[in-house]
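Peer 1: Can you read through this structure? Questions will come right after.
Please treat every number below as a calculation from the coordinates, not as lab data. These figures come from a predicted structure and were not determined experimentally. Reconstructed Cβ throughout: ideal geometry from the backbone, glycine too, with neighbour counts over all protein chains shown.
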């Protein structure tokens, strides 16, 4: 027997060492792959052997306070192609381009694209999708999809907002409450081979989408329609640039209506509403187009600031009363101006004057010197304390995106002139919503509330998922001051500059304003009116704002009649009963009208009755039978009240 040499032994040991090391390494590698990489490789293998097609969830509806839909979703389809499964490309191209009314060359490019799944057309009507499905074209997929639509088109457009191609909220309530509305995607899983071709006799696995929840808002479609109709009429009559109306419950902050004009069609949000821009649209850059669209979508009730003018005198009055620096009987003298810091600051009545008047008369007359005197007594520091307390240096917290905040002087730079002009609403800027919130605090007992639209979220079965609770905010003035302010502001409507909004039987309070836009002396004004009713227990507060009215531009003359029309319709609708004084009972204007029952009657017959009775009416819908009506049958209303009739076929 031959003994191995030392060299052979060494080689044998090296071999055994490397063999053992290899075995150990292999064991580690197998363990690593199975334990650590296993789940990942399994997922990748599954992805290679299956194809997922997403199923869009039904987006939740947005409804008004009475459950009427403001935004809904309809079932549609998405048409797509799987390149590896197409047997007759020419036939697929021909049929899809014809049925979907698409350019044949563009369809051809998509069909020939070597990808797992190529989308041809989204949001296809279900009936048309069913026609294509019946043709059984190999390689053509027809998947469920949803389409968002807005039954009232442009109603409350800047408030509701709209969704993008993926049904995600972009602006307005659609964006703010997207997490509740959107739901969760489902999917269809099919088994395929390595080439992506669906295996024969393989069953599809379907994971159902989860529908979104519904958002219940404080908006009231009827009140919103009243607001938009009144605003449209006022803008047309005065050839104004734009306008806004906000109506809110001053006790809770729930917003009944927010109208901004001009508006746009929510079902076609990328179609510009400016005829002049439309003629040059194709020549604009992408940046210019989006700038124009963003301006159209803009909710200037909360996004833009302006000088409030005389409506701000409400705040100056409340501050003076709260600090006990003025009483209702205090006397003021108006020579038509005040000399402040060596500068003449005129009363709006200059060169005429208001002469000697009590404080209440000064508010009724909207006399600038009265408020300059009060501001001087308050001093800049205290005046600013109330501006901040009333919320002008902060956002209101309203539940729609993009809210702006007031623009005020640095307190250190406020001299006698700045203080004087601020007292009657100049030299600073606020949003309309900030003003309405502060106005609410002066009449609701002194509490700062949070304006809002969302009240609760409910699921598909109608059960409450989440309720939005808004507590009353800080106390800014006392109950006593608030009561005095209600009395004073009621007298402004019954005896002062707000008399054009007077309605027999209803105690209305308010304040008018005529704001000169910057730069001064450019002949451009904003006419506005802030009002509330009933004065003894305010249930609604409203702000009417008309931007750049042509001709007569005074707030009382331009915005006053708009407010009267609003309250004449809205107060009976809210079931606020008129209470006539003895003087009013003798007036012909207060003869009440009892609303007939038009429901289930033919529209043609109802129209004859309306013409005979000389009743104002607005028809909604294109049907021939009355479905619903507001106010309801049997209610007693002012003759100015417009009846809204909803029809169906």
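Peer 1: FRET efficiency for residue 304 and residue 84, Cβ-Cβ distance as r, R0 = 56 Å, nearest 0.05? Before the final figure, lay out the partial values.
Peer 2: Values: r = 54 Å, r/R0 = 0.97.
It comes to 0.55.
Peer 1: Please work out the Cα convex hull volume for the range 534-573 and give it in Å³ per residue. Mind showing how you got there, number by number?
Peer 2: On the way: hull volume 2.8 nm³, N = 40.
For the range 534-573, the hull spanned by Cα atoms encloses 70 Å³ per residue.
Peer 1: Also: Starting from the Cα-Cα distance between residue 604 and residue 628, subtract it from 0.36 nm times their residue separation and give me the gain in nm to one decimal. Don't skip to the end; give the middle numbers.
Peer 2: Details: separation 24, 0.36 × 24 = 8.64 nm, distance 1.54 nm.
Additional length available on full extension: 7.1 nm.
Peer 1: Assuming 0.36 nm per residue, please report the length gained on full extension of the stretch residue 330 to residue 472 beyond their Cα-Cα distance. Show your work: numbers first, answer last.
Peer 2: Numbers: separation 142, 0.36 × 142 = 51.12 nm, distance 3.28 nm.
Length difference between fully extended and current span is 47.8 nm.
Peer 1: Related question: Show me the ranking of peptides 104-112, 498-506 by mean Cβ neighbours inside 10 Å, starting with the highest. It would help to have the intermediate numbers written out before the result.
Peer 2: Details: 104-112: 14.9, 498-506: 20.9.
Per-residue Cβ counts within 10 Å, averaged per peptide and sorted highest first, yield 498-506, 104-112.
Peer 1: So what is the calculated 222 nm ellipticity per residue for the chain, using -39500 (n - 2.57) for each DSSP H run with n of 4 or more, over all residues, to the nearest 500 deg cm²/dmol?
Peer 2: On the way: 21 runs with 229 residues, N = 649.
Helix contribution divided over all residues of the chain: -10500 deg cm²/dmol.
Peer 1: Would you mind getting me the FRET efficiency between residue 597 and residue 294? Use the beta-carbon distance for r and R0 = 60 Å, nearest 0.05.
Peer 2: Numbers: r = 47 Å, r/R0 = 0.78.
Approximately 0.80, to the nearest 0.05.
Peer 1: Label point 7 Å out from residue 75 along Cα-to-Cβ: which residues of the range 129-147 have amide N under 20 Å?
Peer 2: Backbone N within reach: 129-136, 141-147.
Peer 1: Rounded to two decimals, what is the ratio between the C-alpha radius of gyration of the range 362-464 and 2.2 N^0.38 Å?
Peer 2: It is 1.37.
Peer 1: Arrange 347, 367 by Cβ neighbour counts within 10 Å, fewest through most, would you? Could you put the intermediate results ahead of the total?
Peer 2: On the way: 347 23, 367 27.
Neighbour counts put them in this order, fewest first: 347, 367.
Peer 1: Ranked highest first by average number of other Cβ atoms within 10 Å, how do 412-423, 270-281, 156-167, 307-318 line up? Let's see the in-between values first.
Peer 2: Numbers: 412-423: 17.7, 270-281: 12.1, 156-167: 21.6, 307-318: 26.7.
Per-residue Cβ counts within 10 Å, averaged per peptide and sorted highest first, yield 307-318, 156-167, 412-423, 270-281.
Peer 1: Extending each Cα 7 Å along its Cβ direction at residue 104 and residue 495, get the distance between those two points in nm, one decimal.
Peer 2: 8.3 nm
Peer 1: Now for a different question. Please compute the length gained on full extension between residue 153 and residue 353, using 0.36 nm multiplied by the number of residues separating them and subtracting their Cα-Cα distance.
Peer 2: Numbers: separation 200, 0.36 × 200 = 72.00 nm, distance 4.97 nm.
Extra length available between residue 153 and residue 353 comes to 67.0 nm.
Peer 1: Nearest 10 degrees is fine. How inclined is helix 432-443 to the longest principal axis of the chain, computing both from alpha carbons?
Peer 2: 50 degrees
Peer 1: Let me ask something else. Would you mind putting 461-474, 617-630 in packing order, based on average other-beta-carbon counts within 10 Å, highest first? Kindly include the intermediate steps, with their values, before the conclusion.
Peer 2: Numbers: 461-474: 11.2, 617-630: 15.7.
In decreasing order of mean packing, 461-474, 617-630 become 617-630, 461-474.
Peer 1: If one computes the Cα centroid of the range 482-498 and of the range 538-565, what distance in Å separates the two points?
Peer 2: Taking the Cα centre of each part, the range 482-498 and the range 538-565 sit 16 Å apart.
Peer 1: Moving on to the next point. Take 147, 577, 385 and order them by how many other Cβ atoms sit within 10 Å, fewest up front. Provide the component values of the computation, followed by the final result.
Peer 2: Details: 147 20, 577 10, 385 15.
The order, fewest Cβ neighbours first, is 577, 385, 147.
Peer 1: Mind pulling up the Rg/Rh value for the chain? Radius of gyration and Kirkwood radius, both on Cα. Can you show the working numbers first?
Peer 2: Values: Rg = 34.1 Å, Rh = 29.4 Å.
Across the chain, the Cα-based Rg/Rh ratio is 1.16.
Peer 1: Here's another thing I want to ask about it. Find the relative contact order for the chain and round it to a whole percent, using C-alpha pairs within less than 8 Å whose residues are 6+ positions apart. Present the calculation step by step, with values, prior to reporting the outcome.
Peer 2: Values: 1336 pairs, mean separation 74.9, N = 649.
12 percent.
Peer 1: Express the C-alpha Rg of the range 272-419 as a ratio against the empirical globular expectation 2.2 N^0.38 Å, rounded to two decimals. Spell out each step's value before the answer.
Peer 2: On the way: Rg = 20.9 Å, N = 148, 2.2 N^0.38 = 14.7 Å.
Dividing the Cα Rg of the range 272-419 by 2.2 N^0.38 Å gives 1.42.
Peer 1: Follow-up. Note down the relative contact order for the range 51-217 as a percent, whole number, built from C-alpha pairs under 8 angstrom at least six residues apart.
Peer 2: Details: 347 pairs, mean separation 60.1, N = 167.
Worked out over the range 51-217, it gives 36 percent.
Peer 1: Bins of 10 Å, beginning at zero and ending with the bin holding the largest distance: percent of Cα pairs per bin for the range 51-217, please.
Peer 2: Once binned at 10 Å, the Cα pair distances of the range 51-217 give 10, 33, 29, 20, 8, 1.
Peer 1: Among 332, 371, 529, what is the fewest-to-most ranking by other Cβ atoms within 10 Å? Mind dumping the intermediate values first?
Peer 2: Numbers: 332 21, 371 28, 529 31.
Final ranking by Cβ density, sparse to dense: 332, 371, 529.
Peer 1: With equal scatterers on the alpha carbons only and no solvent term, can you work out the Debye log10 of I(q)/I(0) for the range 91-155 at 0.28 1/Å?
Peer 2: -1.42
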